[in-house]
1. Those residues that are of a type in the set (A, V, I, L, M, F, W, C) and assigned to a strand (DSSP E or B), I need them from the range 118-140; list them, please.
2. Testing Arg72 on (1) in a loop (DSSP other than H, G, I, E, B); (2) at pLDDT 80 or above, one condition comes back false. Which one is that?
3. Can Val132 be described as aliphatic (A, V, I, L, M), at pLDDT 85 or above and within 26 Å of Phe185 (Cα to Cα)?
4. Within the range 144-157, track down each residue that is assigned to a loop (DSSP other than H, G, I, E, B) and without any contact (Cβ under 8 Å) to a residue 24 or more places away in the chain.
5. Can you name every residue in the range 13-47 that is over 30 Å from Ile3 (Cα atoms) and not in a helix (DSSP H, G or I)?
6. Which of (1) under 30 Å from Gly152 (Cα atoms); (2) at pLDDT 80 or above does His11 not meet, given it meets every other one?
7. So, in the range 4-44, how many residues would count as being farther than 30 Å from Ala54 by Cβ and either touching a Pro at 6+ places or on another chain (Cβ under 6 Å) or among the hydroxyl-bearing types (Ser, Thr, Tyr) (or both)?
8. Working only within the range 163-177, note down all residues that are modelled with pLDDT of 85 or more and either farther than 25 Å from Leu137 by Cα or aromatic (Phe, Trp, Tyr) (or both).
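The values are calculated or read from the model by the stated rules, or taken from the named source; none is laboratory data. Computed from a predicted model, the values in this text were never measured in an experiment. As a convention, Cβ positions derive from the backbone with ideal geometry for all residues, glycine included, and neighbour counts pool all protein chains shown.
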Amino acid sequence: MKICNTCSEPHDRPKSSRCFKCERKVINTNYCTRNRENLRDRSREYRKKNRELANKRAKRSREENIEYYRQRALERFIAKRGLPSDYKPWKRKSGEGNITASGYKVITLPDHEKGHPNSFDKRRRIHEHTWVMSQHLGRPLHKGETVHHINGNRLDNRLENLELWHRSHPPGQRVEEKIAWAIEFLRAYGYEVAKKA
């Protein structure tokens, strides 16, 4: 066995220092370099002969082109994997959203909800449970607020199954610090706090 000078793969060609693949690449490159003009002429002739087909393709609308190339891609996919010819790829319908790796459902907000503070990217995507709770409250969720699924099923985003949780806590264990934190927390949720005389 010999080692190829180009790709370092072992090969069993006694008269060559390159493997078969590398040899073919070199031959093709040399041929294209020597016959550049001939290849250009052939390409021009082909385009002239097939002008009608090219024009027909160019006249097709954008949607037809997209559908045509999608169909071609699907045919190649089916042929490559040896699937039945009537195979239909599974695709979610528009508006159904998708499920993340952590098991939460993500939806895309409608156009009029462009600046929603709880969406996590520029494509206006948001977790469905967050969206349901913010619609119920009539406001976006504040920092530190989370939505908990009561029955543990992350895909069950009915309002009855959701609870609003808050994960903030006082900075220390001193009584004054805890009281200050509790007063601030209650005021944030619309409660009035008065000290007894």
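1. Ile126
2. All conditions are met except number (1).
3. yes
4. Ile150, Asn151, Gly152, Asn153, Asp156
5. Asn35
6. All conditions pass for His11, except number (1).
7. 4
8. Within the range 163-177, just Trp165 meets the criteria.
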